[in-house]
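S.K.: Structure provided below as C-alpha cells; questions to follow.
The values are calculated or read from the model by the stated rules, or taken from the named source; none is laboratory data. Everything numeric in this text was worked out from a predicted model, so none of it was measured. Virtual Cβ from ideal backbone geometry, glycine too; neighbours counted across all protein chains shown.
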Amino acid sequence: MSCIHARTKWVLTWEDGYYDNHEQPEASQKIAGYSYDGQSSRDSLGLAVAKMSLHVYSLGEGIVGKVATTGKHMWISTDKHVLDSCSLLEYSAGLLPQFSSGIRTIDVVPVVSRGVVHLGSLDIIVEDLMLVNNIKDYFFLIFKLL
C-alpha cells in the first residue's frame, strides 16, 4: 500500500498484491468453519483479497493507518474462538473480512514513505521480528535504488 494525498486527508491505497490460490484440502476446511456474528462466511480468500484491494485506509486510523504513521509493525493472530468472541471495534473494517475468510495471522509492516506491507496466513504464526526487519530492509533498498 502506498500513501497518497486526497484533498486534505492522507490515505493509503492498494498498490500491488499477490494471492497464492493453490487450494489445499486443509485450507478449505479451515475456511469453511469460520463465522462472524452468527453468519457463516462463504467468501473465498480471493474475495477477501479483492475487498482489501478496494479498501482505502485513512493515514493514522485503524490498524493499517496507525502502522503507517507510527512506524511500528502489528502482528495479529487469532483463532475461531477469539474471532467469535471479539467485537467489531477490536478489528478495523479492513481486517475483519480477512479473519472471517479464514486468515489466522496478519502482519502489517511499515515501509519507506508511509507505506505498509500487509501479509496474511491461514495458519497461526508466531511473531518473527527477523522477518519484519527483513521486509523493512528489503523495501528500504528498493526505494534507495529508485
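S.K.: On the given criteria, is D37 at pLDDT below 85 and within 18 Å of the chain's Cα centre (by Cα)? Break it down into steps so the answer makes sense when it comes.
M.R.: Values: at pLDDT below 85: yes; within 18 Å of the chain's Cα centre (by Cα): no.
Considered against the rule, which asks whether it is at pLDDT below 85 and within 18 Å of the chain's Cα centre (by Cα), D37 comes out as no.
S.K.: If L83 meets every condition in (1) at pLDDT below 90; (2) surrounded by 18 or more Cβ atoms within 10 Å (Cβ to Cβ); (3) within 13 Å of the chain's Cα centre (by Cα); (4) part of a helix (DSSP H, G or I) apart from one, which number is that one?
M.R.: (3)
S.K.: If you check K66 against the conditions, is it modelled with pLDDT of 60 or more, in a helix (DSSP H, G or I) and either among the charged types (D, E, K, R) or in contact with a Lys or Arg (Cβ under 8 Å, 6 or more places away or on another chain) (or both)?
M.R.: Yes; evaluated as a whole, the condition is true for this residue.
S.K.: Which residues, counting only those in region 51-63, are out of contact with any strand residue (DSSP E or B) (no Cβ under 7 Å at 6 or more places or on another chain) and either surrounded by fewer than 15 Cβ atoms within 10 Å (Cβ to Cβ) or not in a helix (DSSP H, G or I) (or both)? Break it down into steps so the answer makes sense when it comes.
M.R.: First pass over region 51-63, keeping only residues out of contact with any strand residue (DSSP E or B) (no Cβ under 7 Å at 6 or more places or on another chain): 51-55, 60-62.
Answer for region 51-63, where residues must be out of contact with any strand residue (DSSP E or B) (no Cβ under 7 Å at 6 or more places or on another chain) and either surrounded by fewer than 15 Cβ atoms within 10 Å (Cβ to Cβ) or not in a helix (DSSP H, G or I) (or both): S53, L54, H55, G60, E61.
S.K.: So V116 clears everything in (1) closer than 13 Å to S77 by Cβ; (2) assigned to a strand (DSSP E or B) except one condition, right? Which one?
M.R.: The single condition V116 does not satisfy is (1).
S.K.: For region 127-146, name all the residues that are surrounded by 12 or more Cβ atoms within 10 Å (Cβ to Cβ), aliphatic (A, V, I, L, M) and within 12 Å of V111 (Cα to Cα).
M.R.: If the condition is that a residue be surrounded by 12 or more Cβ atoms within 10 Å (Cβ to Cβ), aliphatic (A, V, I, L, M) and within 12 Å of V111 (Cα to Cα), then V132, I135 are the ones that fit.
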